[in-house]
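Have a look at the structure below, then the notes.
Quick note: the coordinates plus some simple rules give every number you see, no bench work behind them. These numbers come from a predicted model, not from an experiment. For neighbour counting, all protein chains shown are included, and Cβ atoms are generated from backbone atoms with ideal geometry for every residue, glycine included.
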Amino acid sequence: MDQKLIEATVRALSHSQVFHGIELPALEALVQTSERVETAPGQPLLEQDGRVKGLHVIVEGSAQILKGGTPLAILGRGAFFGEISLFGVSFTATADVVAKDRTVCIILQKPHLEQWGKKHPSAERAFLYRMCTELSRRLYSTSERL
């Protein structure tokens with residue numbers, strides 16, 4: 001990624017659910033290890049039961065989560081998915097994720113996040129706290145619907 005793209009991605013991440021408030025140098029170090037993926041409208045970002053490479057964070061656009069063809073959620077800029085690959089529960093997607101419009105994501109692989117956390121422990125704590133908060137919110141929302 002060139003420097004302008006890195007800076008734009010860092011700005012987007014600084015407003016995301018899980019990276020908001022983290023110091024910009026720590027975010028830049030993380031972005032430099034990420035993979036950037038651009039997807040056209042209607043194209044899959046993840047397919048149910050397919051391999052998940054890492055945590056996906058939407059930098060631009062939006063995506064729809066589908067389970068068995070049933071819409072579950074729409075995620076916008078700053079939202080994340082694929083977190084299941086970070087915690088050793090599974091390395092396959094539990095749902096389909098489809099781009100609603102032109103969507104750009106960065107993919108953060110577990111080994112890169114672990115290395116980043118060792119170099120930026122306060123940023124890692126903030127990231128994990130925000131991740132747990134959002135996952136708890138999602139669990140509560142799902143339980144309420146059932």
Taking 33-46, 103-116 and ranking on average Cβ neighbours within 10 Å, highest first, one gets 103-116, 33-46
The simple spin-label model distance between R11 and K119, using points 7 Å out along Cα→Cβ, in nm, is 2.3 nm
Extension length gain for R145 and C132 (0.36 nm per residue less Cα distance), in nm, is 2.7 nm
Volume per residue (Å³) of the convex hull spanned by the alpha carbons of region 57-108 is 73 Å³
Within the chain, pairs of Lys residues whose Cα atoms are less than 23 angstrom apart, provided they are eight or more positions apart or on distinct chains, add up to 8
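Could you work out [θ]222 nm for the chain from helices alone, using -39500 (n - 2.57) per DSSP H run of at least four and dividing by all its residues? Round to the nearest 500 deg cm²/dmol.
Computed ellipticity for the chain at 222 nm equals -12000 deg cm²/dmol.
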Scoring the chain by relative contact order with C-alpha pairs under 8 Å, at least six apart, yields a percentage of 30 percent
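For region 11-88, which semi-axes, largest first and in whole Å, follow from the square roots of 5 times the eigenvalues of its Cα gyration tensor?
Taking √(5λ) for each eigenvalue gives 23, 14, 12 Å, largest first.
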Extend 7 Å from the Cα of K110 along its Cα-to-C-beta direction; within region 75-91, residues with backbone N under 14 Å of that point are 82-91
If every Lys and Arg gets +1 and every Asp and Glu gets -1 at its Cβ, then about the Cα centre the chain yields a dipole, in debye to the nearest 20, of 220 debye
So the angle from the long Cα axis of helix 3-13 to the longest Cα principal axis of the chain, reported in degrees to the nearest 10, equals 60 degrees
Once both label points are put 7 Å beyond Cα along the C-beta direction, the F91-T33 separation in nm becomes 1.8 nm
